[in-house]
1. Using each residue's phi in the range 232-243, evaluate 6.51 cos²θ - 1.76 cosθ + 1.60 at θ = phi - 60° and report the 3J(HN,Hα) Karplus result to the nearest Hz, with x for Gly and Pro.
2. Please name which of Ile691, Pro651, Trp253 has its Cα lying farthest along the dipole of the chain towards the positive end, using unit charges on Cβ (Lys, Arg +1; Asp, Glu -1) and the Cα centre as origin.
3. Spin-label point model (7 Å from Cα, Cβ direction): what's the Val531 to Glu799 distance in nm?
4. For the range 536-612, what is the relative contact order in percent, using Cα pairs closer than 8 Å and at least 6 residues apart in sequence?
5. Counting each DSSP H run of 4 or more residues in the chain as -39500 (n - 2.57), what helix-only mean residue ellipticity at 222 nm follows after dividing by all residues, to the nearest 500 deg cm²/dmol?
6. If packing is taken as the average count of other Cβ atoms within 10 Å, what order do 79-86, 393-400 fall into, highest mean first?
7. If you count, for each residue, the other Cβ atoms within 10 Å and average over each peptide, how do 412-419, 206-213 line up from highest to lowest?
8. Can you tell me the FRET efficiency between Ser203 and Ala115 if r is taken as the Cβ-Cβ distance and R0 is 45 Å, rounded to the nearest 0.05?
Amino acid sequence: MSAPFCNVALPVPLRTTFTYAVPEAMRTSLQIGGRVLVPFRKKSIVGVVVEFVPGPPASPKVREITRALDLTPALTPKLLELGHWIASYYLAPVGEVFRSMLPPLTELSARLEVALTAAGRAAAEEHKKNLLLAEGGPEESRELVALLKKAKPISLAAGVKQGIGSEVLQRLRHRGLVEIREVVKGRKQKTQRIIAWKGTNSSSKVDSAKLERLRSILEIDRGPLPLPQLLKLGHASRSLIARLLRDGVLTSWEEPIDPAEDPFDSGYEPPAHTLNEAQESAFNAIRARFELGEFGVQLLHGVTGSGKTEVYLRAVQDTLARGKTAIVLVPEIALTLWVGRQCRAWFGAQFEGVVVLHSALSDTERARAWWRVRHGEARVVVGTRSAVFAPLENLGLIIVDEEQESSYKQEETPRYHGRDVAIVRAKLENALALLGSATPSLETYHHAREGKYELLTIAARVASRPLPSVAVISLGEEFEQTHKTSPISSALSAGIEECLANGTQALILINRRGYSWSVLCRSCGASVQCVNCSISMTHHKNRNRLECHYCGSIQQIPKQCPKCHSKYVYFFGEGSEHLEERLRQEFPKARVARLDRDTARTKRQFQETLGAFASGALDVLVGTQMLAKGHDFHHVTLVGVVSADASLSMPDFRAAERTFQLLTQVAGRAGRGDLPGRVLIQTYFPDHYAIQDAVKQDYGAFFERELHFRRVMAYPPFTSLANVIVRDTSLEKAILWSRELSEYFAPHNGETVRILGPAAAPLARLKREHRFQFLLKSKSRAKLTRLLSGALVYCDSKEIPQTAILADVDPLSLL
Ligand code: ADP
Ligand code: ZN
Ligand code: ZN
């Protein structure tokens, strides 16, 4: 029996919960952790019940809960506890934290069904014979008999759902005669028609302007599109499209809306490897931890290609065998498919239920998968960042693969780090957190060395494969010799030539997309900046326009300088589009493709390109960071890095660490098959330690040097950091609020907490907002948190809107 009032956490940017009255009919069923629909201001919103309170609140105007959505509370007690921890550690409103933990709100999640239990069925048979003798009176009998007549469970009407059932059903339920359960029904897979450009047909009599518009949409701007979207964008009629399909100008196919299933899943046979000695000893250490049956953190530091996945799978298997459940976090969606496929192949038959959770699933699919997990139908969850909240019970293991990846950090409220949350969750659940990486973050490796985490090392690749050999190409020297600037140095060019001759593959990494990433005036030196952001516009040649990569704004390509009107506007800084063009020119026979956010707009396009490369249908693949992660291609013998300099020169204390990690990871894509691999890194800073250590693939050396720098500069892991951004579209307001905040901070600036700022943020303008920055550093986490939370309260008291203050605890990016 719950109290007449309860506190509800709502997804609103306010750091408090709200009290609501519990209607009579809900008193027996409402539970902590359950979702409720409540009136808030003039809207209805969904929140989570966090506690019951006996007395009425101070405010007399307390409103009633409209409806309870869950019979099984969505959030388990452990997840509620985790949510509260996140809210206090990251200083985020608890309701917003819960929102990121909950499944998407869909019709499916709230469907309730009533069914007879075995006892209920027996009772109903009895009652059918003699209605009047029934124990609970004729009303209950009728209800039971009605249920019996319908062979299947019936769904509760929406009205019944409000208080979970009529009184009668409630009583029957208490007596164990019926059960009311949430059912997540699988909907029939919906498909949509996709239209693509095929080729011009001279005999087609369609108006050429119309054709040109469609071509530019389908070929250049957007790629293949669902029919309704094309009709809208192209101002075209259905009959026009039908005619062009007949003429063979367009082509079409049916595609599931967000395919949930991995097309390569069925029939996949994982290679059965016996663990080698190093893998075996890592696995034994993991098993020994399990034996202890208590919380622990282990770091599996294994070079690229050392077979970490194999160890993960064994660890999951062992967890399941102990009757527990496991979460496997991977840094990106493509890897969920790959790791999910392996898990299903391993555990699917043995243990019903491996679930894949990531943000590219549709809401319905995600909700369905989420509730399957919540109802205990799945015991392994593979997913990206937010899968750390998968509602598994009896959790034994959380794996965080490539723990250093920045994609684990959420860059919106709540700004949590998935790896750190995984560790806290493991602690709450008495589970093991297993972090894996070839290039652990400084923080993690430091903890491992200090003995806070247990360090497991695999120093060599499987099957005695050598690590690739890495060489640096100094772009400065190259220029002195050739007097040419080309994104492809002569050494890289020769390397590609060799691959083509041997029938092996090359992977070329470039970390900017577009054609040129800067447009400059030779006369006055002005560069073309975004109107909303203090960032150069990127030239996209295919789309024939300039784009801002931060806010997406678009500009025409200027014919003259916007400042001095000179005609000498020039483009510089090669992007991936440019590189692809160069490679095609230089190697006309090679089969070249590009993989970046422009070419891989959909999951299907992404998989197609990767699939084509994996199957050998491509010789050279050009791409951005997304190529560096995890993929296991066996015919790549050359990896080229066009320039390591962009990431090295970022105004960020982690620039060296990121560069080292990126280079080591991408180098790790070479030589994973029988042939050895080679890596060429082009740079203007060949002597930089991040590059030198990457060449030697010497993680230890890099770690020591970088750790020293962090100690001297008082950066993490030696201090805790928080980044506070004050932002507004009005410059005056942004300045005023920064000044107010700085008045609050001033007396606290000292030995224990160092406060830097306010200064213009490196991205001084972003999406039309002016941005100022404070950086807080402290050796004491507690003091940092206290000061920051005091600052937020102070901002509230000054009526600075909460959206104007962005507090980022343990920031990964200081831009
Ligand atoms: P990592 O994640 O450490 O870079 P992977 O787990 O992707 O490495 O493994 C690299 C390759 O080695 C995969 O193709 C995998 O199938 C293979 N492999 C794993 N373990 C063994 C083993 N014991 N013997 C032979 N090959 C193995
Ligand atoms: Zn100019
Ligand atoms: Zn912009």
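Every number in this text was worked out from the coordinates using simple rules, so none of it is lab data. Everything numeric here is computed off the predicted structure, so don't read it as measured data. For neighbour counting, all protein chains shown are included, and Cβ atoms are generated from backbone atoms with ideal geometry for every residue, glycine included.
1. Per residue, the Karplus-derived 3J(HN,Hα) values read 6, 5, x, 6, 10, 9, 4, 5, 4, 4, 4, 5 Hz.
2. Trp253
3. 3.3 nm
4. Values: 57 pairs, mean separation 11.2, N = 77.
Taking the mean separation of contacting Cα pairs over the length of the range 536-612, I get 15 percent.
5. -10500 deg cm²/dmol
6. 393-400, 79-86
7. Sorting 412-419, 206-213 by mean packing, highest first, produces 412-419, 206-213.
8. Values: r = 63 Å, r/R0 = 1.40.
About 0.10, to the nearest 0.05.
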